[in-house]
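The values are calculated or read from the model by the stated rules, or taken from the named source; none is laboratory data. As the structure is a computational prediction, the values presented were derived from the model and not from experiment. Don't worry about glycine lacking a Cβ; one is built from the backbone with ideal geometry, like all the others, and counts go over all protein chains shown.
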Amino acid sequence: MEDLYREVILDHYKNPRGHGVIDDADAQAEGLNPLCGDEVTIYVQFGEDGETVDEVKFSGRGCAISQASTSMLMEMVQGRTATEIAELPKEDLLEEVGIPLTPVRLKCALLGLGVLKVALHRAKGTPLPAEWAGLDELDLK
Amino acid sequence: MAVTARPALDAQKLRADFPIFEQKIHGKPLAYLDSAASSQKPRQVLDTIREFYETSYANVHRGVYLLSERATEAYEGAREIAREFINAPAAREVIFTRSATESINLVAYAWGLDNLGPGDVVLVTELEHHSNFVPWQYIAKRTGAEFRLLPIDDHGELQLDALGEIDGQVKVVAANLVSNSLGTINPVTKLAAWAHERGAIMVVDAAQGAPHHRVDVQELDCDFLAFSSHKLCGPSGVGALWGRAELLERMAPFNLGGHMIRSVKAEETTWGELPYKFEAGTMPIAETVGFGAAMNYVSAAGVEAIAEYESELAAYALERLAEVGGVLTYGPPPERRAGIVSFNVEGIHPHDVAQVLDSEGVAIRAGHHCCQPLMKRLGVAATNRASFYLYTVPDEIDRLTEGLHKARKILG
């Protein structure tokens, strides 16, 4: 319990990094976790090379796990290229989140990453790996 | 707690029938407050199923041997128990299904596809579980009928005044007896009278109602009524549909296959009699027998006593939740509410609330409760829901409120 809501999770939840909206974003997608009603929209602005993430933000509402993990994701992907992010294994994010998660909460934790990958897939044609076991039930619009 | 001086229902005693409460959850006694999602099972039901498998199991209505006779007798015995449980005029009007959801799908397909068309109106309420919403929405679309919603007010009660605005040829009115989300007890008898004035059929989803309230299909004057076993102390995998014989007889079958036929030839197949016309394939036999035992168990406890007791629990829960601070509850006042309390804790997502409560051994539901249109109406993505049954004790509600204090401390 204390593990689940450890200090760093609560910090990201209460002070989310990159929370907001980018108007006319280069890449954007919205996702919903129908199990709990978590909603996340992610906006990406690329740098001059059209590949490197210059700015990334998210909006939406949801549980502490989904909001904190998406906030952590914002910090992780800043300055990386679309290809790098497309290849980013979910384990990297889960390691950052650093708490044991049940299958239901895993979906909360990975919502933001799935939405980001979809956004990049749409904008840049980066591959969307089929290995997302925890994401298969997500209703990605 | 001051629920009642002399309860007609002895929850503490009944609770001892439920082996699930003998374990610890995260090192704490189990407080199970999710009976609206599914109920726990008493030893009497578990023993019935085990004994049936050990002494009387065979396929039903098939063999001429003794075991098959015993199995058939037990299976048909459950039908008679179900008939009595809902005071249906005849056992042949009681059809076993795999769930209340399948019961409603049966009506929506088998009655709806042949009786609905453009210009017709299908009316369901804003309070419906997806199981009494989505099938009607889908069949209305398939047949070109109009799908309309009867709205609720801010307390989660149906706005019967809005019936005046429903025009067109209403053919179906579908409503639940009790809302699984808010615990609203709906005026189904009034809806049925309104439906019948227009020549419409009244379909009642009693999945949430039947386990907790007396159901009398003749008094409700409905045309179809669906309920299930798993919310009623029985096993999952079996439900029931009651329908008026004259309607059921005119309906085409729903599932097709073995047992539901009279004769099968290459040119043509004719259908069996009620209720077998609607029971294709091997049914969940032992589960149905367990369902019968569950109805007997609930009847022995007394459905009226259960309803009264749960209403007291709901009043107590509302009182205790109000003490927590920052808790917003949804739904009608206790006197018009079943044993269900939906709420939100200010600034804390229901998933997080439920997670903190779980660490305290308190199981509640967090989510949209299969009622997304209702959640939209309430302006929330999800709620927490605590729901009660005949084994719920006030101590569990006390532990719920203690858990909420903890959630507020951690996440607030």
**Asked** Out of curiosity, is B:Val380 more than 22 Å from the chain's Cα centre (by Cα) and either part of a loop (DSSP other than H, G, I, E, B) or small (Gly, Ala, Ser) (or both)?
**Response** yes
**Message:** Quick check on region A:77-96. Is at least one of its residues within 14 Å of chain B (Cβ to nearest Cβ), crowded, with 21+ Cβ neighbours inside 10 Å, in contact (Cβ under 8 Å) with a residue 24 or more places away in the chain and touching a Ser or Thr at 6+ places or on another chain (Cβ under 6 Å)?
**Reply:** no
**Request:** Could you look through region B:134-155, keep only residues that are closer than 22 Å to B:Arg336 by Cα and of a type in the set (A, V, I, L, M), and pick out the one that is surrounded by the fewest Cβ atoms within 10 Å (Cβ to Cβ)?
**Result:** B:Leu149
**Fill in**
Per the filter on region B:381-399, residues hydrophobic (A, V, I, L, M, F, W, C) and either within 18 Å of B:Asn180 (Cα to Cα) or surrounded by fewer than 23 Cβ atoms within 10 Å (Cβ to Cβ) (or both) are B:Ala381, B:Ala382, B:Ala386, B:Phe388, B:Leu390, B:Val393
**Prompt:** How about region B:35-61: which of its residues are closer than 15 Å to B:Ser236 by Cα and outside any helix (DSSP H, G or I)?
**Reply:** B:Ser35, B:Ala36, B:Ala37, B:Ser38, B:Ser39, B:Gln40, B:Lys41, B:Pro42
**Message:** Being within 22 Å of the chain's Cα centre (by Cα), within 14 Å of chain A (Cβ to nearest Cβ) and not β-branched (Val, Ile, Thr) is the requirement here; does B:Leu357 meet it?
**Reply:** no
**Of residues in region B:299-325 being in contact with a Phe, Trp or Tyr (Cβ under 8 Å, 6 or more places away or on another chain) and closer than 24 Å to B:Ala240 by Cβ, the one surrounded by the fewest Cβ atoms within 10 Å (Cβ to Cβ)** = B:Ser299
**Item:** Condition broken by B:Leu328, with the remaining ones in (1) away from chain A (no Cβ under 14 Å); (2) surrounded by fewer than 19 Cβ atoms within 10 Å (Cβ to Cβ); (3) within 24 Å of the chain's Cα centre (by Cα) satisfied
**Value:** (3)
**Asked** Taking the condition within 11 Å of chain A (Cβ to nearest Cβ) and either under 24 Å from B:Ser39 (Cβ atoms) or at pLDDT below 90 (or both), does B:Lys409 pass?
**Response** no
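The rows are residues; the columns are (1) farther than 30 Å from B:Glu319 by Cα; (2) surrounded by 15 or more Cβ atoms within 10 Å (Cβ to Cβ).
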site: B:Phe21; (1), (2): no, yes
site: B:Lys24; (1), (2): no, no
site: B:Leu33; (1), (2): no, yes
site: B:Gln40; (1), (2): no, yes
site: B:Ser68; (1), (2): yes, yes
site: B:Ile86; (1), (2): yes, yes
site: B:Trp111; (1), (2): yes, yes
**Message:** If I go through region B:360-378 residue by residue, how many of them are more than 10 Å from chain A (Cβ to nearest Cβ) and either within 19 Å of B:Asp398 (Cα to Cα) or out of contact with any His (no Cβ under 7 Å at 6 or more places or on another chain) (or both)?
**Reply:** 11
**Request:** Give the residue that is nearest to the other protein chains (Cβ to nearest Cβ), with candidates limited to residues of region A:5-24 that are in contact (Cβ under 8 Å) with a residue 60 or more places away in the chain and surrounded by fewer than 20 Cβ atoms within 10 Å (Cβ to Cβ).
**Result:** A:Arg6
**Complete:** Among (1) surrounded by fewer than 22 Cβ atoms within 10 Å (Cβ to Cβ); (2) touching a residue at least 60 places away in the same chain (Cβ under 8 Å); (3) part of a strand (DSSP E or B); (4) within 14 Å of chain B (Cβ to nearest Cβ), A:Val104 falls short only on (3)
**Message:** Just the residues that are closer than 18 Å to B:Val238 by Cα and either of a type in the set (Ser, Thr, Tyr) or at pLDDT below 95 (or both), please, taken from region B:62-87.
**Reply:** B:Thr72, B:Tyr75
